[in-house]
1. Condition check: more than 10 Å from ligand 1 (Cβ to nearest atom), open to solvent by less than 20 Å² (accessible area, probe 1.4 Å) and in contact with a strand residue (DSSP E or B) (Cβ under 6 Å, 6 or more places away or on another chain). Does residue 82 satisfy that?
2. Among the candidates 6, 39, 99, which residue alone is assigned to a loop (DSSP other than H, G, I, E, B), closer than 26 Å to residue 111 by Cβ and within 16 Å of ligand 2 (Cβ to nearest atom)?
3. Just checking, does region 36-45 include any residue being under 21 Å from residue 74 (Cβ atoms), in contact with a His (Cβ under 9 Å, 6 or more places away or on another chain) and open to solvent by 30 Å² or more (accessible area, probe 1.4 Å)?
4. How many residues are open to solvent by less than 10 Å² (accessible area, probe 1.4 Å) and more than 10 Å from the chain's Cα centre (by Cα) when one looks only at region 46-60?
5. For the structure I just gave you, tell me whether residue 115 is in a loop (DSSP other than H, G, I, E, B), polar (S, T, N, Q) and at pLDDT 95 or above.
6. Check residue 98 against each of (1) in contact with a helix residue (DSSP H, G or I) (Cβ under 8 Å, 6 or more places away or on another chain); (2) within 15 Å of ligand 1 (Cβ to nearest atom) and name the one condition it does not meet.
7. Output the number of the condition that residue 14 fails; it satisfies all remaining conditions of (1) in contact with a Phe, Trp or Tyr (Cβ under 8 Å, 6 or more places away or on another chain); (2) more than 10 Å from ligand 1 (Cβ to nearest atom); (3) free of Cβ contacts under 8 Å to residues at least 40 places away in the same chain.
8. Go through region 9-24 and give me each residue that's part of a loop (DSSP other than H, G, I, E, B) and surrounded by 14 or more Cβ atoms within 10 Å (Cβ to Cβ).
Amino acid sequence: MAGEPQSDCLFCKIVSGEIPATIVRESETTVAFRDINPQAPTHVLVIPKVHYPDAATLAAAEPLIAADVLREAGEVAADEKVDGSGYRIILNTGSGAGQTVFHAHAHVLGGRGLQWPPG
Ligand code: AMP
Ligand code: ZN
């Protein structure tokens, strides 16, 4: 069924606690944890607890949970005190765009200068 945990999904295993993560925030519908390979002083992933392969399929099926992910991304930025200096929310979609984990997730990056365009 859509949204059900997938036994072969790394982020479903983080949601269930089967794989450890450095969790910085949790809500009824989301978990936020530090990226294992940080690309900036603040690099946190915000994921929905339900399994969808990417942000767009999540938003199509569960728009309120997609909004929760964005709200939590903003709360992470405030917790990490990068909301003043600016931060970036990234939703890689598809392997050609660098997506490697096919459970929807938002990267929250901040704490350093963020080049635009990103290249
Ligand atoms: P993406 O490339 O957009 O699919 O992002 C996946 C992210 O998950 C990468 O930035 C990885 O560094 C990160 N990642 C992979 N495994 C873990 C893990 N066990 N705990 C935390 N972050 C992870
Ligand atoms: Zn999953």
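1. yes
2. Testing whether each residue is assigned to a loop (DSSP other than H, G, I, E, B), closer than 26 Å to residue 111 by Cβ and within 16 Å of ligand 2 (Cβ to nearest atom) leaves just 99.
3. yes
4. Pass one, region 46-60, residues open to solvent by less than 10 Å² (accessible area, probe 1.4 Å): 46-48, 58.
With more than 10 Å from the chain's Cα centre (by Cα) added as a condition, the list becomes 58.
Result for region 46-60: 1.
5. Details: in a loop (DSSP other than H, G, I, E, B): yes; polar (S, T, N, Q): yes; at pLDDT 95 or above: no.
In short, no.
6. Exception for residue 98: condition (1).
7. (2)
8. 9, 21 - these are the residues of region 9-24 that are part of a loop (DSSP other than H, G, I, E, B) and surrounded by 14 or more Cβ atoms within 10 Å (Cβ to Cβ).
The values are calculated or read from the model by the stated rules, or taken from the named source; none is laboratory data. In this text, all values refer to a predicted model and were calculated from it rather than measured experimentally. Note that we place each Cβ from the backbone using ideal geometry, even for glycine, and neighbour counts take in every protein chain shown. Each accessible area value is taken on the protein alone, full model and side chains, heavy atoms only, with ligands, DNA and RNA left out. Shrake-Rupley method; radii C 1.70, N 1.55, O 1.52, S 1.80 Å.
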